[in-house]
Amino acid sequence: MAFCLLAIGVLLAGFNLFPEQLNQTQSPMYAITLCLLCIPFLVLAQTNSRVLQACRKVVSSLFALQLGVSMLMVIFVFALDYIGQQNINNLMTALLLASIGVAVISSANWLGSDQYQTSAFVPNKKMVSSAKQVWVGSIFTNVLQWGSLVITGFFISTAELGLLAAAQRTSLLIGFVLITINFVVAPMFASLYKERQMRKLQNLSRLACRANVGLAIVPVIICTLFPEFVMQFFGEEFLAAAPLLVVLSLGQLVNVATGSVGFLLLMSGHERTMKYITISSGTVSICLLVTLCQMFGVIGAAWAMAIGMAIQNLAALYFVKRYLGFFPIG
């Protein structure tokens, strides 16, 4: 939470000091401030989501992670459109209300669970060390996913950046299948590994992989064969993003097809390895982004994102085989 508050301060100062570079869309400062105020509540909801996941409260966990804010925003957007008040300031206000609502609900779910305890804090050096590795890896994961758009913005026009952002967000719907299944199987991975039941761990990981592919294959086919049909929901001006959606969907297909490799490494005590995989793939992705953007424009940026995602998952797949002795696919 302290880190996110510091980040808010830095971003707020940046928007005030360098408005031409950071605010090319000329968004009102009021809307930007509201957007930044959402961050601590989103962080709290994300933290609660992981705790609820550990308690095996899957629905509550998914609500706190992604579904809650999205569902509330859909309601708010339709309501604002119905009363004719859909503007950037009102939308950011709605986002802040949705973030606060999800943070409060997820906190209540956690405090009301039978896992919540108020006993004295006992330091756990091993757990702290493990958490640090995961934290660093998560930072680079977010840099790879969201920082890519910021970096790309230096090399392409604002219109092209909007097309890329829309295509990326749409392709992430494919990866949501993986997130949902991971929330169910991740605690099981940890239990089976702790009990050294490697055969059951292998079978469960392969079952999860088949479920991922089975659920994701339809949206992948739709996004790759009929990208214009998908992008037209954003408006006629977004039809130009169809090739970007195809490229990013192929990257998501690799993500889904390799299975829960990231969680397998994390749940089996290989956080450090996963951290280095994330840092390495993120660095390669950023280098590709800078190079391909200058050579091929926005389509080059899409390929850089897809390749970076594929490298991360294939590297994790290799280390799962190396450390656990099996491939979680098949």
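Selection of region 47-65 for residues being surrounded by fewer than 18 Cβ atoms within 10 Å (Cβ to Cβ) and not small (Gly, Ala, Ser) yields 47, 50, 55, 56, 58, 59. Please work out if residue 184 is surrounded by fewer than 21 Cβ atoms within 10 Å (Cβ to Cβ), modelled with pLDDT under 90, within 19 Å of the chain's Cα centre (by Cα) and under 26 Å from residue 54 (Cβ atoms). Criteria met by residue 184.
If you go through region 289-309 and keep only what is more than 24 Å from residue 135 (Cβ to Cβ) and either β-branched (Val, Ile, Thr) or within 20 Å of the chain's Cα centre (by Cα) (or both), you end up with 290, 291, 298, 299, 301, 302, 303, 304, 306, 307.
Between 284, 256, the distinction of being aliphatic (A, V, I, L, M), closer than 26 Å to residue 193 by Cβ and out of contact with any Lys or Arg (no Cβ under 9 Å at 6 or more places or on another chain) belongs to 256 only. Scanning region 261-271 for residues that are assigned to a helix (DSSP H, G or I) and more than 20 Å from residue 177 (Cα to Cα) yields a count of 1. Scan region 72-94 and report the pairs whose first residue is surrounded by fewer than 16 Cβ atoms within 10 Å (Cβ to Cβ) and whose second residue is in a helix (DSSP H, G or I) and hydrophobic (A, V, I, L, M, F, W, C), with Cβ atoms within less than 6 Å and a gap of 6+ or a chain change. Pairs found: 86/80; 88/31; 89/31. Annotation: residue 199 fulfils all but one of (1) in contact with a helix residue (DSSP H, G or I) (Cβ under 6 Å, 6 or more places away or on another chain); (2) surrounded by fewer than 23 Cβ atoms within 10 Å (Cβ to Cβ); (3) at pLDDT 90 or above; (4) not polar (S, T, N, Q); the unmet one is (1). None of 150, 102 is among the β-branched types (Val, Ile, Thr) and free of Cβ contacts under 8 Å to residues at least 60 places away in the same chain except 150. Scanning region 213-260 for residues that are free of Cβ contacts under 8 Å to residues at least 60 places away in the same chain and outside any helix (DSSP H, G or I) gives 226, 235.
Entry remark, region 209-236: residues being aliphatic (A, V, I, L, M) and within 17 Å of residue 168 (Cα to Cα) number 7 in total.
The values are calculated or read from the model by the stated rules, or taken from the named source; none is laboratory data. Just so it is clear, the model here is predicted, and its values are computed rather than measured. Note: ideal-geometry Cβ built from the backbone for every residue, glycine included; neighbour counts use all protein chains shown.
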